[in-house]
1. What do you get for the angle between helix 545-570 and the principal long axis of the chain? Use alpha-carbon atoms, 0 to 90 degrees, nearest ten.
2. With the contact rule set at Cα under 8 Å and sequence spacing of 6 or more, what percent relative contact order holds for the chain?
3. Taking only the Cα atoms of the range 353-400, how large is their convex hull per residue, in Å³?
4. Which residues in the range 367-398 have a backbone N closer than 14 Å to a point placed 7 Å from the Cα of Ala414 along the Cα-to-Cβ line?
5. Could you work out the percent of alpha carbon pairs in the range 137-238 separated by over 20 Å, rounded to a whole number?
6. For Leu475 and Asp573 in the same chain, what is the full-extension length gain: residue separation times 0.36 nm, less their Cα-Cα distance, in nm?
7. Using a simple spin-label model with points 7 Å from Cα along the Cα→Cβ vector, what separation in nm is obtained for Glu118 and Leu491?
8. So with the 1.4 Å probe, I'd like the accessible area per residue for the range 109-150, rounded to whole Å².
Amino acid sequence: MFNRFAAAAAAIAALCLPHADALAQDLPPELAALDERLDEIAEDHDVVGASWALADANGVIFADGIGYADREAGIEATGDTPFRAGSVSKLLTAMAAMRLVEAGRLDLDTPLADIAPEIAFTNRWEDEAPVRLVHLVEHTAGWDDIQLQEYRSFPEGTTIAEGLADNPRSRTARWAPGLYHSYANSGPAVIGRVIEIETGRPFEQAMEALIFDPLGLETASFDQDGEIRPASYASDGERSDFTRIWAGPSGALAISARDLVTVGAVLMTDGAGFMTSPTVARMERGETSVSAQNGGNPYGLGLFESRDETGLWIGHNGAIDAAQAEVFYNRQTGMAYALMVNTSGPAIRNMRRALRDALGGAQPAPEPAPGWTLADSAAGTYRIVNPRQEMTRALIDLFEPISVTACGAELCVARGLGSEPLRYTPMGGGRFYKTDEPFKRLALIEGPRGWELVYGGGETFSQTSALRLGAPVALWIATLVALIAGLITLLVWAAARPFGVFAGQNRWRVWTWPSLAALSFGLGMGALMMLSMGDVLANFAGPSLGGRVLQLGTLAFGPIALVGVWAAVRAQDVRLFARAQAGLTSALLVLAWGWMFTYGWAGLTPWSYTPGVMG
């Protein structure tokens, strides 16, 4: 398939047409079939607008689009129409930083505090392991991702510096910088601010001088306050509100598919004279994390690996509002593509599949490493080390423990309570591929916390005891059973008491407190469920009635339950069974509250969550 595309590309290049999408009908059959297939997918998924572009080592082959880039304004989608690109912005921000590195104006090993001391962050290891610029580009500073309130729309004119001052608490190093990868939108945003400091220009102007103008990217812009704001649409076709983000370097890019694939082609051809080959090679690989140093983290400087049955693709993707975009290149086949969709839903996934099937190459399975055995000390239970959002650690620990065992000559990994183990074949050097899907990889290494399991995207799990993860599960099951039993007891008591069955037993004295604690917990969890429905970002963007109910409910039930334990011990005139049942229920609620407290969930305020520090 690729050979036919290479010939087609040569034919198109020979035409020397600046706007190949205008002559889509003249495409060679293979390219025309791909173009038609992308049209069909977009139409099948009711996409409002989409565009795509292909390139090889000689440049853009063709670009095309379907539907509307802005339906209300009547702007049709073509290969030259700008769409919002979301996190693809990080790639161009990293390229700008590396241009300054190549010019000798920036050193990625510089501690952030030295170049921008006004940017607030917390790192208790700063003396021996400072946050360096390279950590911000590779997402290895250990920072939490920006929190829900930081995803809200900011007023026009908001600068990067003003956005960074909005919520410094999310920039808390949870481990010594450089140990683990954890994707954080604030890192590239800080790099954008550093670019401003170094160039003496606003970020948008600095990007024009460093990237857009030299590459001739006529549609590219980071300006969110201009008259033209690319539209996006929900899956039902409703127009989405335009979110003006503060972290522009991480997600504000607007660009056409033609210009975006031009960037991919430059990188695929080792910089094409725009950047040096060593710079591009450095961008393609991670270096600072322990997992990257052991072959377990493919995220480099604004680029990451995406491996599937069609080969190894390198690039970046992104989403913002309802828009989705990506740019990837395949060095083996010498092809790059850019894909942009302004409608939420699975269309982009299916369009990606069509592009990669057409542009990729057959991939032989890796060679298994003979004679592998799992070290006895490596078998056991593992827990998450580096969640992207620290607030989710509690849920991952509770519901996604990992079990690692040997299955003969293969590694068996079961992720989640009651899940079936997946089999991985050893490749050597602590690396494994999924036996039935060889492009999915993980690594088992001896890391800072002993044995660690590292997935392809850098998600890391460290070895722990089964008791450490199993005890909380048992605690919550016991607590729920006790609450249900208590509810049944109260219903029976309430129904029978008018008939004198429980007269004079004073059960209310011991059951009032666990009942109030359960009510408080239920209100808090109910508020969380309500806030999680509808527009989640708006619901969690700041304190609200539901948010305060969540905060107070999760904060109060533990102390109330503690009073319940005291009441059960003191109530000598209440029958022993009632005291024991109420006291046990209260004690379990206290323990459950203590578990929540260790994760920051007691008195939870999602709009201003302070990440815990692992040490």
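The values are calculated or read from the model by the stated rules, or taken from the named source; none is laboratory data. It should be emphasised that the depicted structure is a prediction, and the values quoted were computed from it without experimental measurement. Positions of Cβ are backbone-derived with ideal geometry, glycine not excepted, and every protein chain shown enters the neighbour counts. Heavy atoms of the whole protein, side chains included, go into the accessibility calculation; ligands, DNA and RNA do not. Shrake-Rupley method; radii C 1.70, N 1.55, O 1.52, S 1.80 Å.
1. 30 degrees
2. Rounded, it is 15 percent for the chain.
3. Cα convex hull per residue, to the nearest whole number: 166 Å³.
4. Output list for this probe position: 380-382.
5. Details: 2729 of 5151 pairs.
For the range 137-238, the share of Cα pairs beyond 20 Å comes to 53 percent.
6. 32.3 nm
7. 6.2 nm
8. Solvent-accessible surface per residue comes out at 36 Å².
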